[in-house]
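Taking it in order: structure first as structure tokens, then the write-up.
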Amino acid sequence: MSSSLPLNVDELRATLATTSLGHSLYLYGDLPSTNREAFRLAQSGAAHGTVVLAEHQSGGYGRHGRPWFSPPGLNLNCSVIIRGMGLKTALAQWLSWTPLVSALATVEAVQQVTSVSLALKWPNDLLLLQRKVGGILCESLLQTPTDPAIIIGIGLNVNVAREDFPEDLIPLAASLAETSQQPIDRNRLVAQLLLELEHCLVELQSHGSPRLRQAYMARCATLGRQVRVQFTSRDLVTGIAEGLSADGALQIRTQPVRSSSPQIPLLDVRAADVIHLRE
């Protein structure tokens with residue numbers, strides 16, 4: 001495995017340039033899940049911008065509860081508590097766009113710190129050379145209508161060597177270390193990530209989604225591709241991903257049965273598994 005300096009609260013705070021994110025910071029050696037811990041803290045009234053980090057997650061998970069492989073001391077396991085953004089932004093828009101802008105912020109931070117250019121797979125997977133290098137999991141906490149909270153969970157493979165992935169993941173998973181000749185400074189990466197995330201959330205709150213939508217679409221590898229969409233109802237749809245709607249839904253043009261068939265309207269996909277089909 002690649003060597004990797006440990007996360008350090010003092011180093012993080014020394015480089016932090018945010019207004020609110022990360023000013024309350026919890027760093028653990030081991031947790032079942034940073035999202036679960038952040039959720040617990042949020043239920044107890046933890047402030048907007050509270051960050052939970054762990055060097056290792058024994059029970060890390062992604063969408064639909066899927067396990068997330070992450071060896072100790074090498075990657076980013078981070079969760080951020082976000083409050084109050086819905087006071088100026090429609091709650092539905094805030095909830096739908098937060099996962100997308102969180103993925104965008106992570107990609108921008110990686111670019112700034114490592115010069116590695118990642119792509120986005122809708123809605124919130126991060127790709128390096130078509131393989132998954134990270135992902136976002138957002139979970140909402142609506143204790144009261146006036147104080148909604150979102151837990152933004154970010155998992156990113158940073159310094160794990162490719163040969164250390166389980167054999168079944170090697171064709172599917174990637175790490176930032178593949179593109180670097182030396183270990184990546186995770187403390188600097190966290191600080192930059194929190195700054196980019198704060199910028200994106202302020203933009204969403206102040207100006208809505210138009211500029212963020214354009215930035216996301218410019219990074220999105222899903223657009224223009226043939227995709228298969230698996231809905232929770234187990235229905236399958238195949239088509240071309242053509243764009244994003246105003247609320248961040250993926251717009252799919254399903255394929256007509258015959259070339260002479262009239263053009264089928266765009267299908268807005270808001271909750272489903274999207275698979276990139278080989279071109």
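Calculated accessible area for the chain comes out at 46 Å² per residue, all protein chains present (probe 1.4 Å; ligands, DNA, RNA ignored).
Round to the nearest 0.05 the FRET efficiency obtained for Arg228 and Asn8 when R0 = 41 Å and r is the Cβ-Cβ distance. It would help to have the intermediate numbers written out before the result.
Values: r = 44 Å, r/R0 = 1.06.
Approximately 0.40, to the nearest 0.05.
Taking label positions 7 Å along the Cα-Cβ direction at both Arg253 and Ile240, the computed distance is 0.4 nm, reported to one decimal. Annotation: amide H of Ser180 has no partner in the under-5 Å range at sequence separation 5 or more or interchain, hydrogens built in the peptide plane. Mean residue ellipticity at 222 nm, helices only, the chain: -8500 deg cm²/dmol; runs of at least 4 DSSP H residues each add -39,500 (n - 2.57), and the sum is divided by the number of residues.
Using the per-residue mean of other Cβ atoms lying within 10 Å as a proxy for protection, in what order, highest first, do the peptides 244-253, 168-177, 264-273 fall?
So the order, starting with the most tightly packed, is 244-253, 168-177, 264-273.
Each of the peptides 42-53, 223-234 was scored by the mean count of other Cβ atoms within 10 Å over its residues; in descending order, highest first, they stand as 42-53, 223-234.
What FRET efficiency comes out for the pair Ile264/Gln214, r = Cβ-Cβ distance, R0 = 30 Å, nearest 0.05? Display every interim value, and only then the final one.
Values: r = 26 Å, r/R0 = 0.85.
So, using R0 = 30 Å, E works out to roughly 0.70.
State log₁₀ I(q)/I(0) for the chain at q = 0.11, 0.12, 0.13 Å⁻¹ as given by the Debye formula over alpha-carbon point scatterers of equal weight, solvent excluded. The calculated log intensity ratios at q = 0.11, 0.12, 0.13 Å⁻¹ are -0.62, -0.74, -0.86.
Between the listed residues Gln181, Leu250, Thr146, the Cα displaced farthest toward the positive end of the dipole of region 140-279, a dipole computed from Cβ unit charges relative to the Cα centre, is found at Leu250. At q = 0.13, 0.22 Å⁻¹ the log10 of I(q)/I(0) for region 128-186 amounts to -0.48, -0.85, computed by Debye summation with a single uniform scatterer per C-alpha, solvent ignored. Which percent of the accessible heavy-atom area of region 70-159 goes to carbon and sulfur, probe 1.4 angstrom? On region 70-159, the fraction of accessible area on carbon and sulfur atoms equals 56 percent. For region 175-279, the C-alpha radius of gyration sits at 1.40 times the compact-globule guess of 2.2 N^0.38 Å, with N the residue count.
The values are calculated or read from the model by the stated rules, or taken from the named source; none is laboratory data. Computed from a prediction, not measured in an experiment: that's the story for all the values here. Cβ coordinates were reconstructed from backbone atoms using ideal geometry, including for glycine residues, and neighbour counts include every protein chain displayed. What goes into the accessible areas is simple: the full protein's heavy atoms, side chains included, and nothing from ligands, DNA or RNA. Shrake-Rupley method; radii C 1.70, N 1.55, O 1.52, S 1.80 Å.
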